[in-house]
1. Being farther than 16 Å from L47 by Cβ, outside any helix (DSSP H, G or I) and touching a Phe, Trp or Tyr at 6+ places or on another chain (Cβ under 9 Å) is true for just one of G165, G144. Which residue is that?
2. Identify all residues within region 129-152 that are over 22 Å from W116 (Cβ atoms) and surrounded by 14 or more Cβ atoms within 10 Å (Cβ to Cβ); write none if there are none.
3. Find all pairs meeting these conditions: Cβ atoms under 7 angstrom apart; at least six residues apart or on different chains; first residue within region 48-72 and within 22 Å of A117 (Cβ to Cβ); second residue hydroxyl-bearing (S, T, Y) and surrounded by 17 or more Cβ atoms within 10 Å (Cβ to Cβ).
4. In region 135-151, what count of residues is obtained for those that are within 27 Å of V105 (Cα to Cα) and out of contact with any helix residue (DSSP H, G or I) (no Cβ under 7 Å at 6 or more places or on another chain)?
5. Across region 103-121, what is the total count of residues that are within 14 Å of E42 (Cα to Cα) and within 9 Å of the chain's Cα centre (by Cα)?
6. Which condition number in (1) closer than 28 Å to I153 by Cβ; (2) at pLDDT below 80; (3) exposed (fewer than 15 other Cβ atoms within 10 Å of the Cβ); (4) not charged (D, E, K, R) is the one that Q37 fails?
7. Pairs under 9 Å by beta carbon, first residue without any contact (Cβ under 8 Å) to a residue 24 or more places away in the chain in region 133-144, partner loosely packed, with under 13 Cβ neighbours inside 10 Å and among the basic types (K, R), six or more apart or different chains?
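The values are calculated or read from the model by the stated rules, or taken from the named source; none is laboratory data. None of these values were measured; they are calculated from a predicted model. Cβ placement follows ideal geometry from the backbone for every residue including glycine, while neighbour counts extend to all protein chains displayed.
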Amino acid sequence: MVIIDLTNILLLCINTKKLTTWSIFISRNGEEIMQKQKMPFELLIVLVFMFLAAAMCLLVSYTIYVPKTPLDIIWKIKPGTEAKIHYFGHMVAPILLTLCVAMFVTAMSMIYRQRWAAYTAIAIFAINGIADGIRIFKDEILNGFMGIIATLIFIWLIYISLKSGFFNPTNPKMFKINNK
């Protein structure tokens with residue numbers, strides 16, 4: 001339910017480009033200060049991808065643990081993959097669930113402007129890029145290069161978001177501070 005609500009919110013924000021994040025922190029003199037800043041559109045693209053990837057990890061793990069359900073239709077996307085994943089199923093499913101949780105927590109933390117989450121997302125994409133690089137040497141040259149290009153694009157989008165000041169809540173250039 002939560003994932004569906006977040007996905008709807010993110011898709012609505014893509015249409016309007018008006019996602020606003022609020023942050024509250026205590027200033028030096030003890031007053032509560034509200035900050036308002038629009039989320040960079042580049043970051044929104046990354047977040048949508050991360051939420052969808054987390055959902056896919058969860059779905060694949062579920063189909064491994066509970067086979068022969070209507071959800072097995074996902075294996076029609078890449079027919080040869082089902083046999084490979086089910087062969088190593090008991091090793092793959094916990095890894096996919098861990099990745100699902102890591103991606104979801106990272107994406108949620110990026111919404112809350114946590115700088116560590118941006119670096120964690122870069123690490124997740126970099127590890128994926130290394131895996132795509134290995135695919136090049138396993139006779140999947142096109143898939144490997146496309147994966148590396150996609151990885152570099154996502155890392156670049158996160159880098160742009162980092163440089164925009166979105167993850168720096170004390171940057172006075174980026175915020176309109178209203179004392180109340």
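1. Numbers: G144 fails: outside any helix (DSSP H, G or I).
It is G165.
2. As a first pass, look at region 129-152 and keep what is over 22 Å from W116 (Cβ atoms): 131-150.
D132, G133, R135, I136, E140, G144, F145, G147, I148, A150, listed by residue number.
3. Here the result reads M50/T106, each pair linking region 48-72 to a residue that is hydroxyl-bearing (S, T, Y) and surrounded by 17 or more Cβ atoms within 10 Å (Cβ to Cβ).
4. 3
5. So the count comes out to 3.
6. Only one criterion in (1) closer than 28 Å to I153 by Cβ; (2) at pLDDT below 80; (3) exposed (fewer than 15 other Cβ atoms within 10 Å of the Cβ); (4) not charged (D, E, K, R) is unmet by Q37, namely (3).
7. Once the first residue is without any contact (Cβ under 8 Å) to a residue 24 or more places away in the chain and sits in region 133-144, its partners that are loosely packed, with under 13 Cβ neighbours inside 10 Å and among the basic types (K, R) give G144/K138.
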